Amino acid sequence: MEIVIALLVTGTVLLLLETVLPGLVAGTIGFCCLIGGVTMAYVNLGVTAGNWTLLGVGAGLSFGTFLWVKYFPDSRAARIFISDQQVGELGVGDATLVNQTGVVHSSLRPCGTAIIGGKRLDVVTEGSFIESGTPVKVITVEGLRIVVRPL
């Protein structure tokens, strides 16, 4: 009886630790401990006790998973795992670039780079070839695509 309880408690603790430890090691060992506890209940305590243990472990896992999914993402403990910051600013989806002028940095065939507003940006022409050093004007910004026209 003691080994069944020890395996079930150890498995539960390891499954809870898996939520904050990386690598799936603690969770895998914890799940194996739960399976071992149910198996030992069948072997040592009989079929009826084994069935009740299996039912209890299944209900506990289901209830724990439900609580985890419902409450953990909004909890204070989860905030240390969730990043609120934006990583990497592309700076090309900016509508303020429209009607700004710049100079072609590399030949546009039809795409290349231009210096606009002091920033080096990837741009596309309306279809014509534009030589390096030619002044250009931004016509439109479509997501990550900046369309230019020679002045």
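The values are calculated or read from the model by the stated rules, or taken from the named source; none is laboratory data. What you see is a predicted model; the values in this text were computed from it and never measured. When we count neighbours, we look across all protein chains shown, and the Cβ atoms used for this are built from the backbone with ideal geometry, even at glycine.
State whether the residues of segment 86-93 include one that is surrounded by 14 or more Cβ atoms within 10 Å (Cβ to Cβ) and closer than 30 Å to residue 136 by Cα.
Scanning segment 86-93, I find at least one residue that is surrounded by 14 or more Cβ atoms within 10 Å (Cβ to Cβ) and closer than 30 Å to residue 136 by Cα, so the answer is yes.
Could you tell me which of the residues 17, 7 is in a helix (DSSP H, G or I), in contact with a helix residue (DSSP H, G or I) (Cβ under 7 Å, 6 or more places away or on another chain), in the same structural domain as residue 69 (by TED's automatic domain parsing) and farther than 18 Å from residue 81 by Cα?
So the residue among 17, 7 that is in a helix (DSSP H, G or I), in contact with a helix residue (DSSP H, G or I) (Cβ under 7 Å, 6 or more places away or on another chain), in the same structural domain as residue 69 (by TED's automatic domain parsing) and farther than 18 Å from residue 81 by Cα is 7.
Given the residues 46, 30, which is the only one that is among the small types (Gly, Ala, Ser) and in contact with a helix residue (DSSP H, G or I) (Cβ under 6 Å, 6 or more places away or on another chain)? Write out each step before concluding.
On the way: 46 fails: in contact with a helix residue (DSSP H, G or I) (Cβ under 6 Å, 6 or more places away or on another chain).
So the residue among 46, 30 that is among the small types (Gly, Ala, Ser) and in contact with a helix residue (DSSP H, G or I) (Cβ under 6 Å, 6 or more places away or on another chain) is 30.
So, residue 97, is that one touching a residue at least 40 places away in the same chain (Cβ under 8 Å) and not acidic (Asp, Glu) or not?
For residue 97, the condition - touching a residue at least 40 places away in the same chain (Cβ under 8 Å) and not acidic (Asp, Glu) - is met.
Among the listed residues 38, 47, which satisfies the condition of being without any contact (Cβ under 8 Å) to a residue 12 or more places away in the chain and outside the structural domain of residue 135 (by TED's automatic domain parsing)?
Testing whether each residue is without any contact (Cβ under 8 Å) to a residue 12 or more places away in the chain and outside the structural domain of residue 135 (by TED's automatic domain parsing) leaves just 47.
Which of the residues belonging to segment 130-151 are in contact with a Pro (Cβ under 8 Å, 6 or more places away or on another chain) and either at pLDDT below 90 or buried (at least 18 other Cβ atoms within 10 Å of the Cβ) (or both)?
130, 136, 151
Please find, within segment 33-47, the residue that is farthest from residue 10 (Cα to Cα) out of those that are of a type outside the set (A, V, I, L, M) and surrounded by fewer than 14 Cβ atoms within 10 Å (Cβ to Cβ).
Only one residue fits best here, namely 46.
For (1) surrounded by fewer than 10 Cβ atoms within 10 Å (Cβ to Cβ); (2) more than 30 Å from residue 1 (Cβ to Cβ); (3) touching a residue at least 12 places away in the same chain (Cβ under 8 Å); (4) not assigned by TED's automatic domain parsing to the domain that holds residue 32, each residue gets a yes or a no:
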{"position": "51", "(1), (2), (3), (4)": "no, no, no, no"}
{"position": "64", "(1), (2), (3), (4)": "no, no, yes, no"}
{"position": "107", "(1), (2), (3), (4)": "no, yes, yes, yes"}
{"position": "124", "(1), (2), (3), (4)": "no, yes, yes, yes"}
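Just to be sure I understand, how many residues within segment 32-49 are within 16 Å of residue 7 (Cα to Cα) and out of contact with any Gly (no Cβ under 7 Å at 6 or more places or on another chain)?
9
Can you find even one residue in segment 60-79 that is modelled with pLDDT under 90, farther than 30 Å from residue 116 by Cβ and aliphatic (A, V, I, L, M)?
Checked segment 60-79: at least one residue is modelled with pLDDT under 90, farther than 30 Å from residue 116 by Cβ and aliphatic (A, V, I, L, M).
Exactly one of (1) at pLDDT 90 or above; (2) small (Gly, Ala, Ser); (3) exposed (fewer than 10 other Cβ atoms within 10 Å of the Cβ) is unmet by residue 83. Its number?
The failed condition is (1).
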